[in-house]
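Read-outs throughout are calculated quantities, based only on the coordinates presented, and are distinct from any laboratory measurement. In this text, all values refer to a predicted model and were calculated from it rather than measured experimentally. Here the Cβ is made from the backbone with ideal geometry for all residues, glycine too, and neighbour counts use every protein chain on show.
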Amino acid sequence: MRPLKALLSIAVVAVAVVACAPAYGGGGPTVLGQRTVAFGADYDVIRVGPGDRRFRAVRFHVSDSPMEMFDVRIRFGDGSSFSPSTRLRFEEGAWTRRIDLPGRTRVIRTIEFRYRSIGPRSGRARVQAVGIR
């Protein structure tokens, strides 16, 4: 009886893990790239590496220091681009909402953005772009 109980316990845990996984669809979130940015006001680019770069949406995560991101432009494999009309304000450790890309899945080549520090704190922030399939 013990092997059957162990097998049932493993099956219950496996079902719970799958049921609790985020509903990103098709393989989950993928880190597209990241940049550590200096403070003041500036411009930077995240270049998406090789591999399957087809995504439906993106999110951004900022750690280490608060900042504001604006003039975001996502450049696609076919040469077109998309600029979501948004000004993103991050406290340390914050995530953006899901930003859906136009059309079906899109190949992302680069993500360009402008940024500036907010608040009295100085330092460098790490910006991470995550693609959602």
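Within region 59-93, list the residues whose amide N lies under 19 Å from a label point set 7 Å along Cα→Cβ of Ile118. The answer is 59-73, 84-93, whose backbone nitrogens lie closer than 19 Å to the label point.
Its Cα gyration tensor gives region 47-133 an equivalent ellipsoid, and the semi-axes of that ellipsoid, as √(5λ) in whole Å with the largest first, are 25, 12, 11. For region 25-122, trypsin sites (Lys or Arg not before Pro) are listed when DSSP marks them as loop and at most 15 other Cβ atoms sit within 10 Å of their Cβ; the list is Arg87, Arg97, Arg98, Arg104, Arg121. Restricting region 38-133 to GluC sites (Glu not before Pro) that sit in a DSSP loop and have at most 15 other Cβ atoms within 10 Å of their own Cβ leaves Glu91, Glu92. Looking at region 30-70, the pairs of alpha carbons with a distance over 16 Å make up 45% of the total.
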